[in-house]
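Student: I'd like to ask you about the structure that follows.
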Amino acid sequence: MTDDPTFPPDAPLPPDADALREAEGNLNSVWLDRLRALVAANQGPDVIEMMAPLHVSDTGDVIEALDHDERVTLLRLLGEKFDFTALTEVDDSVRSELMEALSNEDIARGVSGIDSDDAVYILEDIDAPDREEILAQMPAFERLSLRRSLDFPEESAGRRMQTEFIAIPPFWTVGQTIDYLREEQDLPDEFFQIYVVDPGYSLMGTLPLDKFLRTRRDVKIDALMNTNVIEVEAGQDQEEAARLFERYDLVEVAVVDENRRLVGVLTIDDMVDVIHEEASEDIKLLAGVGDEEISDNVFQAVRSRATWLVVNLVTAVLASLVIGLFDATIEQMVALAVLMPIVASMGGNAGTQTMTITVRALALRELDRRRMGRLILREMSVGVINGAIFAVLIGAVTALRFANPGLGIVIGLAMVVNMIAAGTAGVLLPLGLNKLKIDPAIASSVFVTTVTDVVGFFAFLGLAAIWFGFF
């Protein structure tokens, strides 16, 4: 560690410790401790030498592994050598901390040298006054380009697009285009296709590089271009854009404004990030932890989880009220108190399974009217069959354990009822919430669990009261 006297900054690295990652893919602790020692000793040149070979994603992992003060010192020591693209690879909370620690002048310098989509990703979470001050210090063309992207809604294609692209007129030849690409200095670092536009920048077609490079120099672009263009509107949700990439196996796609003028491009690397973000968001929402990140502090984690824990508390009270209706029944047969959590627990797990399948299908837009009906029928049938299977199992175990066949029949019947309710609720509740424009990933879990708890307790205790005549 940084304060370990046995590991001074000028100590040589142990054998095989110069690699950033261990065989398992984790950061090499020896390498990281060496960096920490250099950062603590303010050894700028040595820090730059260690960090220089790293990919921006690896740099992001290193930043997240350091403490807050170490991160700030690291960026200060790296100075102009620090690639701000690495800040797109860290958690939101870490990036916010670093943005607060850096001066607006440093941020302006850093985002000026990176792709526009990465610059927008960094700037969009900065407070408006600071963001305007940062933009004011940037070159005019970059400033206007970034402001245009920032004007689009959050999580839209316009926010994700890259404004660097290659656009040419349709009357050029392949040879003219090649000469232009060789001579022009201000071109994107990477591109996958060329866009054909009219004088008003309306998109006319696209030209894939493989087709372009295999064609003679005298062939005109309008005879070669693909006019069946797949495009994305700048205001379209980023998740819809990512689904377009998935459906058509795209690598790059044009982004157009409301007048169908070319304003940017989306690339596959950004869409992979979108898919990852959306999947992570749905998983966290299903668990009721909001937008919590692993780097959040205790207070942020508590705030993220408390709301849905309160909702769970309310639903748990509702389930307890149902149990209270049968307190006399439970007093006359203590075994009921031992067995009733089994029915509710099995129903809850079955409901969660069905709910997860339904929410995923909704998120991927896989449910049309025909598939929806088939899914409802399938899950209800699964509930009946699973209910029958586990009714026999738990009924037999209960009858043997308590030497009471009647009790085994009661819990078996309750199991069937609750498994059917679980399958039905697991499908219908997410569909209903989605119809009401409520995100089913957020609210489904609480309501499905409530249904299975209430139905499970009521069915089991109610059937027991009827069977054994406890009324």
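Student: Please tell me if residue 432 is part of a helix (DSSP H, G or I), without any contact (Cβ under 8 Å) to a residue 12 or more places away in the chain and either surrounded by fewer than 20 Cβ atoms within 10 Å (Cβ to Cβ) or acidic (Asp, Glu) (or both). Talk me through it step by step, then tell me what you get.
Tutor: On the way: part of a helix (DSSP H, G or I): yes; without any contact (Cβ under 8 Å) to a residue 12 or more places away in the chain: yes; either surrounded by fewer than 20 Cβ atoms within 10 Å (Cβ to Cβ) or acidic (Asp, Glu) (or both): yes.
So residue 432 fits the description; yes.
Student: Still on this structure: Which pairs turn up if I take residues in region 103-132 that are closer than 17 Å to residue 81 by Cα and look for partners that are in a loop (DSSP other than H, G, I, E, B) and open to solvent by 40 Å² or more (accessible area, probe 1.4 Å) with beta carbon separation below 6 Å, at least 6 apart in sequence or on another chain?
Tutor: 108/137
Listed here are the residues, each with its yes/no results for (1) under 22 Å from residue 442 (Cβ atoms); (2) at pLDDT 90 or above.
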| position | (1), (2) |
| --- | --- |
| 216 | no, yes |
| 222 | no, yes |
| 247 | no, no |
| 254 | no, yes |
| 261 | no, yes |
| 280 | yes, no |
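Student: Between a first residue in region 308-336 that is modelled with pLDDT of 85 or more and a second residue that is assigned to a helix (DSSP H, G or I) and open to solvent by 80 Å² or more (accessible area, probe 1.4 Å), which pairs have beta carbons less than 7 Å apart while being 6 or more apart in sequence or on different chains?
Tutor: Matching pairs, first to second residue: 322/458.
Student: Checking residue 246 against (1) exposed (fewer than 13 other Cβ atoms within 10 Å of the Cβ); (2) over 19 Å from residue 158 (Cα atoms), only one condition comes out false. Which one?
Tutor: (2)
Student: For region 135-190, name all the residues that are at pLDDT 90 or above, open to solvent by less than 20 Å² (accessible area, probe 1.4 Å), closer than 25 Å to residue 251 by Cα and part of a loop (DSSP other than H, G, I, E, B).
Tutor: Within region 135-190, 161, 166 qualify.
Student: For region 201-218, name all the residues that are part of a loop (DSSP other than H, G, I, E, B) and either open to solvent by less than 30 Å² (accessible area, probe 1.4 Å) or of a type in the set (Ser, Thr, Tyr) (or both).
Tutor: Once the filter is applied, which keeps residues that are part of a loop (DSSP other than H, G, I, E, B) and either open to solvent by less than 30 Å² (accessible area, probe 1.4 Å) or of a type in the set (Ser, Thr, Tyr) (or both), region 201-218 yields 201, 215.
Student: On the basis of being at positive phi and either in contact (Cβ under 8 Å) with a residue 24 or more places away in the chain or more than 37 Å from the chain's Cα centre (by Cα) (or both), does residue 403 make the cut?
Tutor: yes
Student: Now for a separate question. Looking only at region 223-243, how many residues end up being of a type in the set (A, V, I, L, M) and open to solvent by 20 Å² or more (accessible area, probe 1.4 Å)?
Tutor: 4
Student: Quick check on my filter: what residues within region 201-237 are among the basic types (Lys, Arg) and under 37 Å from the mean Cα position of the chain (by Cα)?
Tutor: 211
Student: Mind checking which residues of region 191-200 are under 34 Å from the mean Cα position of the chain (by Cα) and part of a loop (DSSP other than H, G, I, E, B)?
Tutor: Matches in region 191-200: 191, 192.
Student: Can you find even one residue in region 17-33 that is buried (at least 17 other Cβ atoms within 10 Å of the Cβ), at pLDDT below 95 and polar (S, T, N, Q)?
Tutor: Looking through region 17-33, at least one residue is buried (at least 17 other Cβ atoms within 10 Å of the Cβ), at pLDDT below 95 and polar (S, T, N, Q).
Student: Also, quick follow-up: Examine region 118-132 for a residue that is among the β-branched types (Val, Ile, Thr) and farther than 30 Å from residue 244 by Cα, and state whether such a residue exists. Explain how you work it out, then say what you get.
Tutor: Start the filter on region 118-132 by keeping residues that are among the β-branched types (Val, Ile, Thr), which leaves 120, 122, 126.
Subsequent filtering for residues that are farther than 30 Å from residue 244 by Cα retains none.
Checked against the condition, which is being among the β-branched types (Val, Ile, Thr) and farther than 30 Å from residue 244 by Cα, region 118-132 yields no hits at all.
Student: Out of 346, 340, I need the residue that is open to solvent by less than 50 Å² (accessible area, probe 1.4 Å) and modelled with pLDDT of 85 or more. Which one?
Tutor: Only one candidate passes the filter, namely 340.
The values are calculated or read from the model by the stated rules, or taken from the named source; none is laboratory data. Remember, predicted model here, so these are calculated numbers, not experimental data. Glycine also receives a Cβ, built like all others from the backbone with ideal geometry; neighbour counts cover every protein chain displayed. Quick note on the areas: whole protein, heavy atoms, side chains included, nothing else; ligands and nucleic acids left out. Shrake-Rupley method; radii C 1.70, N 1.55, O 1.52, S 1.80 Å.
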